[in-house]
1. Find the strands (runs of 3 or more DSSP E) located wholly in region A:199-252 whose residues include 3 or more that are more than 19 Å from A:Ser25 (Cβ to Cβ), hydrophobic (A, V, I, L, M, F, W, C) and away from chain C (no Cβ under 14 Å), and list them.
2. For region C:16-56, which positions are part of a helix (DSSP H, G or I), of a type in the set (A, V, I, L, M) and facing chain A (nearest Cβ under 8 Å)?
3. Could you check A:Asn38 against (1) surrounded by fewer than 21 Cβ atoms within 10 Å (Cβ to Cβ); (2) within 12 Å of chain B (Cβ to nearest Cβ) and say which number it fails?
4. Just checking, does region B:81-99 include any residue being buried (at least 20 other Cβ atoms within 10 Å of the Cβ) and not in a helix (DSSP H, G or I)?
5. If the requirement is being assigned to a strand (DSSP E or B) and out of contact with any Cys (no Cβ under 7 Å at 6 or more places or on another chain), which of these qualifies: A:Ser23, A:Ser43?
6. Can you tell me which condition A:Ser23 does not meet? The list is (1) within 28 Å of A:Ile217 (Cβ to Cβ); (2) surrounded by fewer than 18 Cβ atoms within 10 Å (Cβ to Cβ); (3) within 14 Å of chain B (Cβ to nearest Cβ); (4) not charged (D, E, K, R), and all the others hold.
7. Free of Cβ contacts under 8 Å to residues at least 40 places away in the same chain, outside any strand (DSSP E or B) and of a type in the set (A, V, I, L, M, F, W, C), is that true of A:Ala260?
Amino acid sequence: MENVIELQNVNKAFKGFELKDMSISVKKGFVTGFIGGNGVGKSTTIKLIMNLLQPDSGEISLFGLNYKKHEKEIKQRIGFVFDHNVFYEHITLAEMKKIIKPAYKNWDDTIFYQYVNLFELPLKKPIKTFSKGMMMKASLAFALSHRAELIIMDEPTSGLDPIFRRELLDILHDLMEDEEKTIFFSTHITTDLDRIADYITFIHNGQHIFTKEHYKIEEDYAIVKGETNLLDRDTEQEFLGIRKSNHGFEALTTNKKRTANLFGDTVILEKPTLEDIMLYTKKGNDNYAKSYS
Amino acid sequence: MLNLIRKDIVLQKNTLVILLPALLIALLIDRSIIWVGVLFSFAIIMQSFALDEKPSTNLLMNSLPYTRKEIVSSKYIGACVFTFIILLTIVVGNIIIHREITQLDQLLFIAGVIVVFISFAFPFSYLFKSQYLMIACGVLFVLYLVLVNKFIPDLNDRLRAGVQTILSFDNSVLYAGGILAVVLLYMFSWMLSIRIYSRKVF
Amino acid sequence: MHILISNSSKEPIYNQIKDQIKQLVLSGELKEGDVLPSMRQLAKDLHISVITTKRAYEELEKEGFIFSVIGKGSFVSEQNNEMILERKRIAIEEQLIAAIQNSKEIGVGLGELKELLTMLYKGDL
């Protein structure tokens, strides 16, 4: 399968933060949900993908092209949505459109006005009067009106009400009917991903933990519950982020089959949510850092 | 890139609507308005620059299909366009109000001063922020005062003498040399700004 | 084509889709040559991810219930009843072998096993 986004061994260091040896690929024709806690490098990764930042080392290519030679060509094919307003605030939506439109070869006014009508956006009011939801809808209208092949969104649903979040998912479903389109979006509202994401890319502390088919996660991972006396130095190696109490323990296994073989009926295995995986991975890493540093 | 320049002019439309009539009024009062021309041009150019300084606007411009080189270049070319608009207004205003043609050397002088200003202001603003320009000017002025008072008391006289020498040259040589020097300065500043901006993080 | 997805079910969604389409084929509601909705259309209609329907279709294809023509879509395959019966027969044989092995391990004789089977067979059906 073709990759639309490819990061190979990308490193980027800031004061007090570092992306380490990041290798990610995003498949064409699918929705990839990009998850991780706050400050683990999601926005930095997205900025690298959009050439808003340059990596210290490593290769980044989009549509098989690199930014050094094909910057404008690549950007023509991307639609972007940021988590905050990037448009001029003192002008109206209609005026903003006049600024954005000439930048794109494939701009289509009909599509733009369709979305403006669908979202009930006022064309003649200054953008600064827009609510957070309207702002997001306006971004979306701009992102979708130039027949972009790749839609990149940074936290598009943060601060939005459930109704609009559902509307957004419907729009994304409509887009995905076209197998040439690819969507890559970061979020920490992981329930948004359950109905739309084909792949999940998970990063933690500047490192890529996994990219998997969404359904594969519940095949590989499980929440394990059992009695505390099952745990010893060896069996603890099987788990991430063990939480013990008087009543027993809870932990995450990254190899459901092996755990099932090892413990059989002595433990309960439950389907983990993405939040569980984020939480236990964080706890696991923190413990690891504590005991080994 | 033309789109970016057009964008700047459209965004300054309201300012132009206020500024250009003000310029004409200034012309009515006094026909030699070199410094007003310089001030107005500089004001509108820097206002247009400051509008695009916010990190979020940089995010937008760089996410659109433009390169950083184009974004910087549009500001340099746009500055020329704004200056041209101001100069044109002065020329046309003079014809209408005073029925006389503005002297070419006056126009060239205005353009020259603006180009020199911009050549310093743009790289400085890309490196820091345009709002620090005033502070920088203040600091420079203090340095100048210190220089005049403590170290070279006759600095002003020397400068005056220098200007006199230049003015005593043959006109055509003077103009050609002056224009060349100013254009070179502008080009250098342009390249420098591209370098600074391409490394900027926002 | 009616497909109902339960989010609270333990069964993965692709399995639910697979089983329901299989059922529709076996019951004759979907006939040979019938065209199925495209993976992307079905994903949109059911509000689920494309990769889920893709997996369901891939497994149905592997099991011989449907076939895909690139650029045209997915269709219901010719259902060979003999083959289905044969497959079932093999499955029964395997399960009986397992039962026999278990019986031998704990010393349950053939007579006793037959009796048990008869009883279960009558009781169940």
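The values are calculated or read from the model by the stated rules, or taken from the named source; none is laboratory data. The structure displayed is predicted, hence computed values, not measured ones. Heads up, the Cβs are rebuilt from the backbone with ideal geometry, glycines too, and the neighbour counts pull from every protein chain shown.
1. The strands (runs of 3 or more DSSP E) meeting that bar are A:239-245.
2. Listed by number, the residues that qualify are C:Ala43, C:Val50, C:Ile51.
3. With respect to (1) surrounded by fewer than 21 Cβ atoms within 10 Å (Cβ to Cβ); (2) within 12 Å of chain B (Cβ to nearest Cβ), A:Asn38 is out only on (2).
4. Taking every residue of region B:81-99 in turn, none turns out to be buried (at least 20 other Cβ atoms within 10 Å of the Cβ) and not in a helix (DSSP H, G or I).
5. Residue meeting the stated conditions: A:Ser23.
6. Going through the list (1) within 28 Å of A:Ile217 (Cβ to Cβ); (2) surrounded by fewer than 18 Cβ atoms within 10 Å (Cβ to Cβ); (3) within 14 Å of chain B (Cβ to nearest Cβ); (4) not charged (D, E, K, R), A:Ser23 breaks only (3).
7. Yes, satisfied.
Residues are listed down the side, and each one gets a yes or a no for (1) within 15 Å of the chain's Cα centre (by Cα); (2) at pLDDT below 85; (3) under 18 Å from B:Ile77 (Cα atoms):
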site: B:Ile114; (1), (2), (3): yes, no, yes
site: B:Ser119; (1), (2), (3): yes, no, yes
site: B:Phe122; (1), (2), (3): yes, no, yes
site: B:Leu133; (1), (2), (3): yes, yes, no
site: B:Gly138; (1), (2), (3): no, yes, no
